[in-house]
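First up is the structure itself, then whatever we jot down about it.
The values are calculated or read from the model by the stated rules, or taken from the named source; none is laboratory data. Since we're looking at a predicted model, the values are computed, not measured. When we count neighbours, we look across all protein chains shown, and the Cβ atoms used for this are built from the backbone with ideal geometry, even at glycine.
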Amino acid sequence: MELIDTHCHLTFEQLADDIEAVIARSLAACVTGWLTVGTDPQQNCKAVELAGKFENMYAAVGIHPHEAKDVTAETLTELKELAQNEKVVALGETGLDFHYNFSSQSDQKRAFTAQLKIAKELNLPVIIHCREAFDETMEILDQYGRSIRGVVFHCFSGSAEQAKIVLDYGFYVSFTGVVTFKNADLIRKAANIVPVDRLMLETDCPYMSPVPMRKQKINEPALMINTAKYLAELKQMDLTDFANVVTTTSKNFFDLP
Ligand code: NI
């Protein structure tokens, strides 16, 4: 059985400082592939560099909505250049976050739209971060996202109704360990209606360890096996069958070997 963690931040210091051990534990838990995701220019460079060191590790490069205020024309030029590295398989994470509003909403929309244009030019799929901004995110995707090769809503935290809208557009939904949380009924309802061949798995580590590992403060790819077991049960599927479908989806979506 093999699983791919399609959204992790292995370059964040909590994990990067001990990366060899993190990878060894991941392999022991059947999580055999990783997509390490950048959030700002510095992390993007680190992600590409780290991905270059491991065979089944890939990188996504993008500017997180929190950092949108710092996006200049130069940032975008550098991003586009880096995105052409052979280990880069997606643009992201990008999107809108109106929960924290660390960047103004207009800056966020500007940076998001610009990154969608780059993804289209380079024929790369996009990893969407969307928090308390569903309608606005869909509005921009309706305009600029339809012709993009693939769109995935990462760490999906919306309702079943919202999941249906995402699916109707042909987009994908990715779940973190949050779906295992006691208070996550809303996300479980969404997971219930997402067909198994339209979903992907991720840790978003170092954050949010899944049940029953909530006490482990630093989440890591190895713990994704718990989320896989949980969702396989929710879908009333054998774990190996579930893993096969989800891994095939992930490989096709990101065009991995
Ligand atoms: Ni993330």
Across (1) in contact (Cβ under 8 Å) with a residue 60 or more places away in the chain; (2) assigned to a strand (DSSP E or B), I128 clears everything bar (1)
Of the criteria (1) of a type in the set (G, A, S); (2) within 16 Å of the ligand (Cβ to nearest atom); (3) over 15 Å from the mean Cα position of the chain (by Cα), which one A90 fails: (3)
Could you pull out every one of the helices (runs of 4 or more DSSP H) wholly within the range 1-94 that has 3 or more residues that are without any contact (Cβ under 8 Å) to a residue 60 or more places away in the chain? 19-28, 41-51, 73-82
Flagged in the range 167-185 as assigned to a strand (DSSP E or B) and more than 15 Å from Y207 (Cβ to Cβ), in numbering order, are Y172, V173
Could you tell me how many of the residues in the range 149-174 are more than 13 Å from the ligand (Cβ to nearest atom) and among the hydrophobic types (A, V, I, L, M, F, W, C)? 8
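Matching residues to (1) of a type in the set (A, V, I, L, M); (2) modelled with pLDDT under 95; (3) surrounded by 22 or more Cβ atoms within 10 Å (Cβ to Cβ):
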site	(1), (2), (3)
L10	yes, no, yes
D18	no, no, no
V31	yes, no, yes
W34	no, no, yes
V37	yes, no, yes
C45	no, no, no
N56	no, no, no
For P65, work out the one condition from (1) in contact with a Lys or Arg (Cβ under 9 Å, 6 or more places away or on another chain); (2) surrounded by fewer than 24 Cβ atoms within 10 Å (Cβ to Cβ); (3) more than 19 Å from C45 (Cβ to Cβ) it doesn't fulfil. (2)
Qualifying positions in the range 217-249 - surrounded by 23 or more Cβ atoms within 10 Å (Cβ to Cβ), more than 22 Å from K189 (Cα to Cα) and without any contact (Cβ under 8 Å) to a residue 60 or more places away in the chain: N219
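For the range 27-41, which positions are away from the ligand (no atom under 15 Å from the Cβ) and under 27 Å from R110 (Cα atoms)? Can you show your working first?
So the first thing to find is which residues in the range 27-41 are away from the ligand (no atom under 15 Å from the Cβ), and the list is 27-33, 41.
Result: P41, single match.
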Any chance the range 100-119 includes a residue that's assigned to a strand (DSSP E or B) and crowded, with 17+ Cβ neighbours inside 10 Å? no
